[in-house]
Amino acid sequence: MDVLHRITTRPWTDEGPGIPDLTISEISFDEIDIIRQMNRLIFDEERIINSFDRQDLMLLVAHFEDIPAGFKVGYRENRYIYYSAKGGVLPEFRRRGIARFLMEAMVERVELHGYRRFAFDTFPNLHPGMTVLAVNSGFRLVKADYNTAYREYRLRFEKKLKGDRSRNHAGPG
């Protein structure tokens, strides 16, 4: 039986995404192969991020009924900003709230470490759903530029985290 026929969803609530049998777990670098496999399927590339030698590296994997469905990779950009470097959901699991669930799981963990902002970049012509997710999740567009490596426009979104009382994007509040 196709896995998609077994997925049922409810509207997103404060208690979670409303996806039964979905779990998000933080994995160690020793378990990175599961992310490598999903990265190949989702993005058709070997490179996940440029370097894993980062402070506060976080690797999250979403499973639906023990089947890997998506991932998110993030790290400390500076002492105030946590950066979500890459994430994706396998095509058969998309449009079910999994990307939002992964992002919220990362944000919750990051808030516990005292970061003030959560940021990510996206390429709206390649992944338009991430732009919609950002706007619907309370992120602000803080930068737009052209990425010569991808030959695409890139948008940077940031969100203040709970406890951030600063009025600007840098420095203590």
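Miscellaneous remarks
- FRET efficiency estimate (nearest 0.05) - Cβ-Cβ, Arg79 to Ala149, R0 30 angstrom: 0.65
- Three-way shape call for the range 3-160 based on the alpha-carbon gyration tensor, with the a/c threshold at 1.5: rounded
- Estimated at 0.36 nm per residue, the fully extended path between Glu65 and Leu141 surpasses their Cα-Cα distance by 23.9 nm.
- Paramagnetic label reach from Asn125 (point 7 Å along Cα→Cβ; backbone nitrogen cut-off under 12 Å): within the range 24-42, no residues.
Each reported figure results from applying straightforward, stated rules to the coordinates on display, with no laboratory input. Keep in mind that this is a model prediction, so the values were computed, not measured. Note that each Cβ is placed from the backbone with ideal geometry, even for glycine, and that neighbours are counted across all protein chains shown.
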